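Participant: Please read through the structure below; I'll follow up with questions.
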Amino acid sequence: MIVILRPDATEANIQHIVERTAKLGLKANISRGVERTVIGFIGPEDALRAIPLEVFPGVDQVMQVLAPYRLVSREFKKENTIIKLPYNTTVGGTKIAVMAGPCSVESYEGMLSIAKKVKALGVNILRGGAFKPRTSPYDFQGMGEEGLKILQAVGKEVGICTISEVMDTRQVELLAKYVDILQIGARNMQNFSLLKEVGIIKKPVMLKRGMSGTIKEWLMSAEYLLANGNYDVMLCERGIRTFETATRNTLDINAVPVAKRLSHLPVVVDPSHGTGSWEYVAAGARAGIAAGCDALMIEVHENPEEAFSDGAQSLMPDKFQELMVSCKRVALAVDRDL
Ligand code: PEP
Ligand code: MN
């Protein structure tokens with residue numbers, strides 16, 4: 001059971017509900033969003049039937065939600081969530097957004113050059129990691145704050161939104177200062193301290209699915225973000241581990257319609273990490289759109305051989321252009337724009 005409060009509900013109204021339900025043995029979990037406050041309850045929910053919460057001052061709606069991910073679920077919100085970003089960019093509407101750029105920020109010149117090229121091809125969001133989650137401690141770990149400065153400067157110069165990964169609770173404020181969207185990487189999907197910290201800031205976030213995370217676990221992780229007050233969350237399918245070794249990961253196309261049915265949050269597909277090989281990226285992107293995704297994330301690099309990370313799965317600009325052309329046709333076929 002969750003209680004959605006009216007926008008004009010007062011602190012006293014909230015306290016009254018908290019105290020009255022505490023007497024029934026329930027613990028209230030209050031999430032204060034920008035537009036509304038929602039109270040969820042932990043404990044014997046059946047006890048709530050004893051009191052008519054609907055008529056309590058400040059209450060707008062009382063809802064029975066069966067899914068364990070309450071705020072994330074379609075039961076809680078029927079309409080698709082549309083996330084508004086700078087430069088008239090949206091994620092979750094009819095138009096499919098495209099995020100593209102190198103795996104890592106490598107230099108100002110490189111970032112500027114690729115940003116201009118991808119923007120000209122219709123990309124709305126520039127990607128580039130500054131803090132990189134690498135399997136080996138000896139591999140390039142990212143440029144850190146310097147990389148974020150470059151990403152921000154290039155974003156402003158070109159007029160495009162930016163996204164970069166936050167790996168640690170200590171980096172949340174730093175990322176929020178420099179980028180438009182915070183990315184939580186696959187390896188951190190269940191880093192609950194990080195989810196809580198990113199939940200309390202007012203910046204859109206993209207939550208990648210863990211490589212061994214079930215769809216339910218992914219949605220439960222998203223619930224941490226919403227329960228802490230951040231409703232601007234997108235989910236990103238980026239491939240899971242299976243027995244298959246021909247590709248780096250197995251892009252779980254099923255996850256797209258499943259997540260869209262279970263949740264109102266926008267779904268992003270990342271066929272770069274989902275396949276691990278540039279040759280398969282366009283096929284994965286087209287499949288994602290056909291399956292109903294709201295955005296794509298694609299790694300693009302001008303010289304993949306020299307890329308500091310993920311060169312093998314990075315597309316050269318000409319191949320990326322071909323991807324955009326073929327994806328537009330698929331988008332049209334499923335009544336979407338790109
Ligand atoms: C990335 O986007 O470069 C990245 C590290 O992604 P993931 O967390 O999906 O591996
Ligand atoms: Mn990468």
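Participant: Given the criteria without any contact (Cβ under 8 Å) to a residue 60 or more places away in the chain and not acidic (Asp, Glu), does residue 92 qualify?
Facilitator: Against the criterion (without any contact (Cβ under 8 Å) to a residue 60 or more places away in the chain and not acidic (Asp, Glu)), residue 92 does not qualify.
Participant: Also: Within the range 316-338, is there a residue that is outside any helix (DSSP H, G or I) and buried (at least 24 other Cβ atoms within 10 Å of the Cβ)?
Facilitator: no
Participant: Condition test on residue 101, is it assigned by TED's automatic domain parsing to the domain that holds residue 297, crowded, with 24+ Cβ neighbours inside 10 Å and not aliphatic (A, V, I, L, M)?
Facilitator: Considered against the rule, which asks whether it is assigned by TED's automatic domain parsing to the domain that holds residue 297, crowded, with 24+ Cβ neighbours inside 10 Å and not aliphatic (A, V, I, L, M), residue 101 comes out as yes.
Participant: Here is a list: 309, 277, 272. Which entry is open to solvent by 10 Å² or more (accessible area, probe 1.4 Å), out of contact with any Pro (no Cβ under 7 Å at 6 or more places or on another chain) and not acidic (Asp, Glu)?
Facilitator: Testing whether each residue is open to solvent by 10 Å² or more (accessible area, probe 1.4 Å), out of contact with any Pro (no Cβ under 7 Å at 6 or more places or on another chain) and not acidic (Asp, Glu) leaves just 277.
Participant: Could you tell me how many of the residues in the range 65-78 are open to solvent by 60 Å² or more (accessible area, probe 1.4 Å) and within 14 Å of residue 38 (Cβ to Cβ)?
Facilitator: Result for the range 65-78: 1.
Participant: While we're on this one: Return the total of residues in the range 215-248 being of a type outside the set (A, V, I, L, M), open to solvent by 10 Å² or more (accessible area, probe 1.4 Å) and closer than 22 Å to residue 97 by Cβ.
Facilitator: Summing the residues that are of a type outside the set (A, V, I, L, M), open to solvent by 10 Å² or more (accessible area, probe 1.4 Å) and closer than 22 Å to residue 97 by Cβ in the range 215-248 gives 2.
The values are calculated or read from the model by the stated rules, or taken from the named source; none is laboratory data. Predicted model only: the values in this text are computed from it and were never measured. Note that each Cβ is placed from the backbone with ideal geometry, even for glycine, and that neighbours are counted across all protein chains shown. Accessible surface areas use protein heavy atoms only, side chains included; no ligands, DNA or RNA. Shrake-Rupley method; radii C 1.70, N 1.55, O 1.52, S 1.80 Å.
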